[in-house]
Amino acid sequence: MIEACLCNSRISKNEIERRFQINFDDYFLSELMRLREYERDGLIEGRMSRMIRVRPAGRVFVRAIAKVFDAFQSSAIASKAV
């Protein structure tokens, strides 16, 4: 997910579903909700379609966008608070 976002500026839900035998929208529901802000700001498009694309304005923020899918991000932040 992160690699697809960083390298290709897009995430194909169909490709992820086929590769990992999951329903993308169910599995990544919380991540899709967090992407809403980026879509509202015009940095991504297609959050609720089959292809999520980073728009040209979002290229500068592509690392922050990809970080939404980092499974270890929230635990790393929590460990810093202790």
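No value in this document is a laboratory result; all are computed from the given coordinates. Just so we're clear, the structure is a prediction, and the values are computed from it rather than from any experiment. Backbone-built Cβ (ideal geometry, glycine too); neighbour counts: all protein chains shown.
Values for this structure:
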| read-out | value |
| --- | --- |
| Amide H partners (placed H, <5 Å) of Ile44, local residues excluded | Glu39, Arg55 |
| Dipole of the range 29-78, positive end: most advanced residue of Pro56, Ala66, Leu35 [Cβ charges, Cα centre] | Pro56 |
| Per-residue Cβ neighbour rank within 10 angstrom, fewest leading, Val68, Val54 | Val68, Val54 |
| Likely footprinting exposure, Ile2, Ile11, fewest C-beta neighbours within 10 Å first | Ile2, Ile11 |
| Integer Hz, Karplus 6.51/-1.76/1.60 couplings in order for the range 2-19, x for Gly and Pro | 5, 4, 4, 5, 5, 8, 10, 6, 7, 10, 8, 4, 4, 5, 5, 4, 5, 5 |
| Value at 222 nm in deg cm²/dmol, rounded to 500, when DSSP H runs of n ≥ 4 in the chain each add -39,500 (n - 2.57) | -12500 deg cm²/dmol |
| Test item: Cα-centred dipole of the range 2-81, Lys/Arg +1 and Asp/Glu -1 on Cβ, debye | 200 debye |
| Difference of contour (0.36 nm per residue) and Cα-Cα distance, Asp25 to Ala4 | 5.9 nm |
